[in-house]
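Inspection log for the structure reproduced underneath, given as structure tokens.
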Amino acid sequence: MNAFLTQCHGIIERRMNRHYIKAVSLITITVFLIFLIISFAAHVDGQTPFGTSLGSDFAAFYVAGSVFNSYGPERIYDRELHTQLYHRILPDARPDTELLYANAPFFVLPFSLLARLSYPLAYFIWLLISVGLYTAGLKLLLKTLDAMPKDAL
């Protein structure tokens, strides 16, 4: 048992360093980007070659923005209207699929702007916004690393 723990500790020491973590992170991001590019390049009627809808859950936000723009804020929770517009945007989705907007009413406002664009373009812009917000959050977090002891990294 002691030899096993020593071996595990050695593996962890070799793998838990900045260089290894950075390399694995870059590989993961690269693979993700490749799949994302394939999804955009090869989607047909909103379906990706991987069998999922382009944007998946983003469609609920896009539809809510469309409802807000065309039918007014009082209908952003209209189930039948959402389902109808969802299938108009993603015609190859299974007929029994529903993806409803279940967020606070004020959260629809940025999506009302995106809903004025085509669905793929709106999803792409939302991805850019999300990456920007995530990056900003990481930059704020990294500023706190100076307070951590160097041997903890």
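Could you check region 116-139 and list, in sequence order, the residues that are out of contact with any Lys or Arg (no Cβ under 9 Å at 6 or more places or on another chain) and touching a residue at least 24 places away in the same chain (Cβ under 8 Å)?
Keep residues of region 116-139 that are out of contact with any Lys or Arg (no Cβ under 9 Å at 6 or more places or on another chain), which gives 116-121, 123-139.
Those that are out of contact with any Lys or Arg (no Cβ under 9 Å at 6 or more places or on another chain) and touching a residue at least 24 places away in the same chain (Cβ under 8 Å): ARG116, TYR119, PRO120, TYR123, PHE124, TRP126, LEU127.
One residue is enough: does region 23-40 have a residue meeting the conditions assigned to a helix (DSSP H, G or I), over 30 Å from ASP92 (Cβ atoms), at pLDDT below 75 and aliphatic (A, V, I, L, M)?
Scanning region 23-40 turns up no residue that is assigned to a helix (DSSP H, G or I), over 30 Å from ASP92 (Cβ atoms), at pLDDT below 75 and aliphatic (A, V, I, L, M).
Take the residues in region 53-73 that are farther than 21 Å from ILE129 by Cβ and of a type outside the set (Gly, Ala, Ser), then tell me which one is surrounded by the most Cβ atoms within 10 Å (Cβ to Cβ). Step through it out loud before you land on a result.
To start, the set of residues in region 53-73 that are farther than 21 Å from ILE129 by Cβ comprises 70-73.
Narrowing further to those that are of a type outside the set (Gly, Ala, Ser): 71, 73.
Details: TYR71: 13, PRO73: 15.
Within region 53-73, the match that is surrounded by the most Cβ atoms within 10 Å (Cβ to Cβ) is PRO73.
Would you confirm whether or not region 74-86 contains a residue that is surrounded by fewer than 15 Cβ atoms within 10 Å (Cβ to Cβ), of a type in the set (S, T, N, Q) and either within 22 Å of SER53 (Cα to Cα) or touching a helix residue (DSSP H, G or I) at 6+ places or on another chain (Cβ under 6 Å) (or both)?
Looking through region 74-86, at least one residue is surrounded by fewer than 15 Cβ atoms within 10 Å (Cβ to Cβ), of a type in the set (S, T, N, Q) and either within 22 Å of SER53 (Cα to Cα) or touching a helix residue (DSSP H, G or I) at 6+ places or on another chain (Cβ under 6 Å) (or both).
Yes or no: PRO110 within 21 Å of the chain's Cα centre (by Cα) and surrounded by 12 or more Cβ atoms within 10 Å (Cβ to Cβ)?
Values: within 21 Å of the chain's Cα centre (by Cα): yes; surrounded by 12 or more Cβ atoms within 10 Å (Cβ to Cβ): yes.
Yes: the conditions hold for PRO110.
Scanning region 91-114 for residues that are in a loop (DSSP other than H, G, I, E, B) and among the polar types (S, T, N, Q), which turns out nearest to ILE76 (Cα to Cα)?
We begin by selecting, within region 91-114, every residue in a loop (DSSP other than H, G, I, E, B); these are 91-104.
Narrowing further to those that are among the polar types (S, T, N, Q): 97, 103.
On the way: THR97: 18, ASN103: 10 Å.
By that ranking, first place goes to ASN103.
For region 68-90, give me each residue that is closer than 21 Å to LEU117 by Cα, out of contact with any Leu (no Cβ under 7 Å at 6 or more places or on another chain) and not in a loop (DSSP other than H, G, I, E, B).
Those that are closer than 21 Å to LEU117 by Cα, out of contact with any Leu (no Cβ under 7 Å at 6 or more places or on another chain) and not in a loop (DSSP other than H, G, I, E, B): PHE68, ASN69, SER70, PRO73, LEU81, THR83, GLN84, LEU85, HIS87, ARG88, ILE89.
If I ask for residues that are in contact (Cβ under 8 Å) with a residue 60 or more places away in the chain and in contact with a Lys or Arg (Cβ under 6 Å, 6 or more places away or on another chain), which ones from region 55-100 would you list?
Within region 55-100, none qualify.
Which one of these does THR48 not meet: (1) within 20 Å of SER118 (Cβ to Cβ); (2) out of contact with any helix residue (DSSP H, G or I) (no Cβ under 6 Å at 6 or more places or on another chain)?
The number of the failed condition is (2).
Looking only at region 115-151, how many residues end up being more than 16 Å from LEU85 (Cα to Cα) and assigned to a loop (DSSP other than H, G, I, E, B)?
2
Please count how many residues of region 122-139 are open to solvent by 80 Å² or more (accessible area, probe 1.4 Å) and under 18 Å from LEU54 (Cβ atoms).
Kept after step one, since they are open to solvent by 80 Å² or more (accessible area, probe 1.4 Å), are these residues of region 122-139: 124, 128, 131, 133-134, 139.
Among the residues that remain, those that are also under 18 Å from LEU54 (Cβ atoms) are: 124, 128, 131.
Final tally of qualifying residues: 3.
Pick from region 11-22 the residues that are charged (D, E, K, R) and either outside any helix (DSSP H, G or I) or surrounded by 10 or more Cβ atoms within 10 Å (Cβ to Cβ) (or both): which of them is modelled with the lowest pLDDT? Talk me through it step by step, then tell me what you get.
In the first step, residues of region 11-22 are kept if they are charged (D, E, K, R); the result is 13-15, 18, 22.
Okay, now just the ones that are also either outside any helix (DSSP H, G or I) or surrounded by 10 or more Cβ atoms within 10 Å (Cβ to Cβ) (or both), so 15, 22.
Working: ARG15: 69, LYS22: 82.
The qualifying residue modelled with the lowest pLDDT is ARG15.
May I ask you to list pairs of residues, at least six apart or on different chains, whose Cβ atoms are under 9 Å apart, with the first in region 26-38 being open to solvent by less than 80 Å² (accessible area, probe 1.4 Å) and the second being hydroxyl-bearing (Ser, Thr, Tyr)?
Going by the 9 Å Cβ cut-off, the qualifying pairs are ILE38/THR48.
The values are calculated or read from the model by the stated rules, or taken from the named source; none is laboratory data. In this text the structure is predicted, and so the values were computed from the model without any measurement. Note: ideal-geometry Cβ built from the backbone for every residue, glycine included; neighbour counts use all protein chains shown. These area figures cover heavy atoms from the full protein model, side chains too; ligands, DNA and RNA do not enter into them. Shrake-Rupley method; radii C 1.70, N 1.55, O 1.52, S 1.80 Å.
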